[in-house]
Amino acid sequence: MCRVSSWLTGTRLVSLPFADHCEPLLNPVGECLQFAKWLRTECDSQKWKYIELRPLSPLQDGEDVLQPSHSYFFHELDIRENLDRIFRKFHKDSIQRKIRRAEKEGLSYEAGCSDQLLDEFYRLVLVTRRRHRLLPQPQAWFRNLVECIGDNIQIRIARKAGVPISAMLTLRHGSSAIYKYGCSDERFHPLGGMPFLFWRFIEESKAAGVEKIDFGRSDLENEGLVAFKDKFGASKRLLTYYRYPYSGQTAMTKTRGAEAARQLLFLLPDAVSAQAGRLLYRHMG
């Protein structure tokens, strides 16, 4: 768990900041309740704002201490079958046809961790986060990931006539690979850049011995993102976070306070938006 110390959003203990999920390393009988009680005592004595667990599996015990807070969909794609069968499970129009369109358009592809790839990726991050009215991550965040994770991180770029149109950042651990960040230039969406990158990611992951791809979480109300991941044949299940103390704050309450900021982010130039990300992103997670 990490302690997030912030004068803006409060001091709290989170497992794990900026990660969709983090399974606690506990024996199944009794330890979860014991751990939850210890966390509660620490939270009260340290006067933290809250503690939050993000387990991939529901807590077997300990819910008397840690209350369900927010829920999401978690998506995962099993790639143990052969590639032909995996491809046939993709949605014919939204995915299969887009991949063929990308190949017909002659999109080029590059993967790695070079400074050039990172810069191209980040330019698309700024465009995408502004389109979605979200604060962009600082470029230093991605640079640190590349430096710390090394060979287990990849930036993947699709280009049309040398122009970057889609990008993703992926991670690998053991027999799992993780789709963590994706971004694109919406002017080129008809060319199928993102489905093309996902297919290359799947092909290369399978060749490297990966068995499952973590497609990350989706907000329950984000029907478009949920449908997009479903069209790859990914399974989904509920992912629930647990907190102490539980504030009872609803998603609607959170949305009201954030909507004005989201509108402002859409209007900011990329340079100003990037600066805002450098200043504020450390207070999130």
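Tabulated data
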{"read-out": "Test: residue in segment 29-38 that is assigned by TED's automatic domain parsing to the domain that holds residue 246, over 23 Å from the mean Cα position of the chain (by Cα), exposed (fewer than 15 other Cβ atoms within 10 Å of the Cβ) and not hydrophobic (A, V, I, L, M, F, W, C)", "value": "yes"}
{"read-out": "Filter result for residue 187 (surrounded by fewer than 18 Cβ atoms within 10 Å (Cβ to Cβ) and closer than 21 Å to residue 124 by Cα)", "value": "yes"}
{"read-out": "Exclusive hit being assigned to a helix (DSSP H, G or I), in contact with a helix residue (DSSP H, G or I) (Cβ under 9 Å, 6 or more places away or on another chain) and surrounded by 13 or more Cβ atoms within 10 Å (Cβ to Cβ), set 159, 101, 133", "value": "101"}
{"read-out": "Top-ranked residue in segment 208-225 [being hydrophobic (A, V, I, L, M, F, W, C) and out of contact with any helix residue (DSSP H, G or I) (no Cβ under 7 Å at 6 or more places or on another chain); ranked as farthest from residue 73 (Cα to Cα)]", "value": "208"}
{"read-out": "Qualifying residue in segment 164-186 (condition: under 19 Å from residue 20 (Cβ atoms) and in a helix (DSSP H, G or I))", "value": "no"}
{"read-out": "Residue count, segment 10-28 (criterion: surrounded by 14 or more Cβ atoms within 10 Å (Cβ to Cβ) and either in contact with an Asp or Glu (Cβ under 8 Å, 6 or more places away or on another chain) or acidic (Asp, Glu) (or both))", "value": "5"}
{"read-out": "Selected residue (only one of 35, 90, 18, 73 is within 30 Å of residue 200 (Cβ to Cβ), among the aromatic types (Phe, Trp, Tyr) and not in a loop (DSSP other than H, G, I, E, B))", "value": "73"}
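The values are calculated or read from the model by the stated rules, or taken from the named source; none is laboratory data. Small disclaimer: the values here were computed from a predicted structure and weren't measured. In this analysis, Cβ positions are derived from the backbone assuming ideal geometry, glycine residues included, and neighbour counts consider all displayed protein chains.
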